[in-house]
Structures are given as structure tokens and as C-alpha cells.
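K.L.:
This is the structure, below, for whatever I ask next.
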Amino acid sequence: MSSAAESIKSRILIPVLISILVILSAFLTGIYWLRAHDEDSQNREKMESVRILFLELIKNDSQLLGSMLDFLEKDQEIIKHWKNRDKAALFEYTGPIFESLRSRYRVTHFYFIDPDENR
């Protein structure tokens, strides 16, 4: 009778163990896939946030520079030195303006370009 009981146990135990292993592996695979999918989704959201922030920073900087240019093109001293083609006076007058723009807003260049000359 013990061999019949062992035969019944093995007929039931082996399929049950195999079923448990299949269910466990499916569960672990599902958890891994959900975790990977969640990380991808979070990374995409972060990248989109960075992209939007970067575009906003560019927009703000361009508006700031545009308003500075509006101010500078109305400065009568600059216009006077420009019309007189007095480069030394122009650079002397605008030097402190450039230094202020450079220190505050990281402006790296401040050119006066004549269509007939390079700089």
C-alpha cells in the first residue's frame, strides 16, 4: 500500500510542483516587465520635463536679449559713436555695458557689425 500511496503522491505532487514553478516564473516575469516598463515611462517623463524646461529657458533668454537689444539700439550715445564711425569711443562707452551683460547674463560677445565691414 505504501507503493500505491507513493505512486498517487508522485502523480499529484509532480504536476502540482510543475504548476507552482510555472506560476512563479510567470509572476516573476510579469513583475520584471512591469518594473522595466515603469522605469522607461519615468525616464520618458523626465526627458520631456527637461526638454520643456530647456525650451522655456531658451525662450526667456531670447526675450531678455531682445529687450536688451531694444534698449541698446535706442541709446543715443551708441548711435552717435556708430554714425561717427568712432570705434574707440564706441568700445569705450559700451565696455562697461558688455561687462555688466557678461557678468549677469553670461553674454560672451558684443559685436557692432557694419554691412560694409566685418566688425
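The values are calculated or read from the model by the stated rules, or taken from the named source; none is laboratory data. Note that the coordinates shown come from a computational prediction; the quantities given were computed from them, not determined experimentally. Using ideal geometry, Cβ is built from the backbone for each residue, glycine included, and neighbour counts are taken over all protein chains shown. Ligands, DNA and RNA are excluded from the accessible area calculation, which covers all protein heavy atoms including side chains. Shrake-Rupley method; radii C 1.70, N 1.55, O 1.52, S 1.80 Å.
K.L.:
Given 0.36 nm per residue, what is the gain on full extension from Val16 to Leu65 after removing their alpha carbon distance, in nm?
P.N.:
Length gained, Val16 through Leu65: 10.3 nm.
K.L.:
Once the dipole of the chain is set up with Lys and Arg at +1 and Asp and Glu at -1 on Cβ about the Cα centre, which of Ile58, His109, Leu13 lies farthest towards its positive end?
P.N.:
Leu13
K.L.:
Taking only protein heavy atoms into account and a 1.4 Å probe, give the accessible area per residue of the range 67-115 in Å².
P.N.:
Ligands and nucleic acids excluded, the result is 79 Å² per residue.
K.L.:
Okay, next question. Largest first and in whole Å, give the semi-axes of the range 44-96's equivalent ellipsoid, each being the square root of 5 times a Cα gyration tensor eigenvalue.
P.N.:
38, 10, 7
K.L.:
Let me ask you something else. Let me have the 222 nm mean residue ellipticity of the chain computed from DSSP H runs of 4+ only, each contributing -39500 (n - 2.57), with the sum over all residues rounded to the nearest 500.
P.N.:
Details: 3 runs with 99 residues, N = 119.
Estimated from H runs of four or more residues: -30500 deg cm²/dmol.
K.L.:
Check cross-link reach from Lys59 to the lysines: straight Cα distance under 18 Å, and skip same-chain residues fewer than eight apart.
P.N.:
Correct list for Lys59: empty, as no lysines qualify.
K.L.:
Another one. Checking the cross-link filter: which aspartates and glutamates have an alpha carbon closer than 16 Å to that of Lys83, excluding same-chain neighbours under 8 positions apart?
P.N.:
Filter leaves Glu73, Asp75, Glu92, Asp114, Asp116, Glu117.
K.L.:
How long are the semi-axes of the ellipsoid equivalent to the chain, from square roots of 5 times the Cα gyration tensor eigenvalues, in whole Å, largest first?
P.N.:
Gyration-tensor ellipsoid for the chain: 80, 11, 10 Å.
K.L.:
Give the angle, between 0 and 90 degrees and rounded to the nearest 10, that separates the Cα long axis of helix 87-105 from the longest principal axis of the Cα atoms of the chain.
P.N.:
30 degrees
K.L.:
Taking amide hydrogens as modeled 1.01 Å from N in the peptide plane, which residues meet the under 5 Å criterion relative to Val107, leaving out close sequence neighbours?
P.N.:
Amide H to amide H, under 5 Å and 5 or more residues apart or across chains, Val107 pairs with Arg102.
K.L.:
Give me the distance in nm between label points sitting 7 Å out from Cα along the Cα-to-Cβ direction at Ser3 and Asp40, one decimal.
P.N.:
5.6 nm
K.L.:
Considering amide H positions built from the backbone, and no H for Pro or chain starts, which residues 5 or more places from Asp75, or on another chain, come under 5 Å of its amide H?
P.N.:
none
K.L.:
Let me ask another. Summarise the accessible area of the chain (1.4 Å probe, protein heavy atoms) by the percent that is carbon and sulfur.
P.N.:
C and S fraction of accessible area: 63 percent.
K.L.:
Using every alpha carbon pair in the range 67-119, what percent of pairs falls into each 10 Å bin from 0 up to the bin containing the largest distance?
P.N.:
In order of increasing distance, the bins hold 23, 57, 20, 0 percent.
K.L.:
Note down the accessible area of Thr108, probe 1.4 Å, to the nearest 10 Å².
P.N.:
100 Å²
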